[in-house]
Amino acid sequence: MAIDVQLNQTLELLKRYLDGRLRYRCIVIQGNDISLLSQVSHQVQSARDIFNAQVQEIDALDQFDDVGAPSCNAFIEKVKSIAFISPVLLTGPLHFLDYWSPSVRMVFWNFLAAFSNGPGIIVTDVFRTETVLGPFQAVDGFSRTDLRCLKSRLELTQDRLA
């Protein structure tokens, strides 16, 4: 029997963790099943009513340039150029991260964890632990799946200094 992610679960997660009153505007959804991550990505794209805007996707094919993996700064600028005005979906797996050193990956994850402008950034990716679990922590999951949702540690600290 195939396991599906229910649309209402995805929409509830977006409402809860990207609510306009929250300061930090990024969630990371991780899992090992690419088909489930794909379902979630499609559901996020249809969440126009939650954001009052069309979700802009940067999919796996747009995460590389003519030479290969972009620099961290170039990719962050690409995300920022969209994310200040529209919700952004980074559809994984994020293979470009495998080309960066751990310290460069940490810069990327720290940028996402501290992002606090615009409607929000949603990342769907395979399980990664080496640098993402520093600035992010698991806050939720999807029933009957191995998918988990990560949110900035800054969101959960009273003084915003983690």
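The values are calculated or read from the model by the stated rules, or taken from the named source; none is laboratory data. All values derive from a computational prediction rather than experimental measurement. So basically every Cβ, Gly included, is an ideal-geometry build from the backbone, and we count neighbours across all protein chains shown.
Only residues that are surrounded by fewer than 16 Cβ atoms within 10 Å (Cβ to Cβ) and among the basic types (K, R) were counted across region 25-77, and they come to 1. V88 meets the stated requirement of being buried (at least 16 other Cβ atoms within 10 Å of the Cβ), within 26 Å of G134 (Cβ to Cβ) and of a type in the set (A, V, I, L, M). Each residue in region 116-159 was checked for being assigned to a loop (DSSP other than H, G, I, E, B), touching a strand residue (DSSP E or B) at 6+ places or on another chain (Cβ under 7 Å) and without any contact (Cβ under 8 Å) to a residue 60 or more places away in the chain, and 1 pass. Residues in region 132-157 that are over 18 Å from L13 (Cα atoms) and within 14 Å of the chain's Cα centre (by Cα): 3 in all. On inspection, F115 does not qualify as among the aromatic types (F, W, Y), at negative phi and out of contact with any Lys or Arg (no Cβ under 8 Å at 6 or more places or on another chain). Determine whether region 59-75 contains at least one residue that is within 18 Å of S152 (Cβ to Cβ), assigned to a loop (DSSP other than H, G, I, E, B) and modelled with pLDDT under 95. No; the residues of region 59-75 include none that is within 18 Å of S152 (Cβ to Cβ), assigned to a loop (DSSP other than H, G, I, E, B) and modelled with pLDDT under 95.
Select, from A69, A113, A83, the only residue that is small (G, A, S), within 25 Å of I34 (Cβ to Cβ) and in contact (Cβ under 8 Å) with a residue 60 or more places away in the chain.
Numbers: A69 fails: in contact (Cβ under 8 Å) with a residue 60 or more places away in the chain; A83 fails: in contact (Cβ under 8 Å) with a residue 60 or more places away in the chain.
That would be A113, the only listed residue that is small (G, A, S), within 25 Å of I34 (Cβ to Cβ) and in contact (Cβ under 8 Å) with a residue 60 or more places away in the chain.
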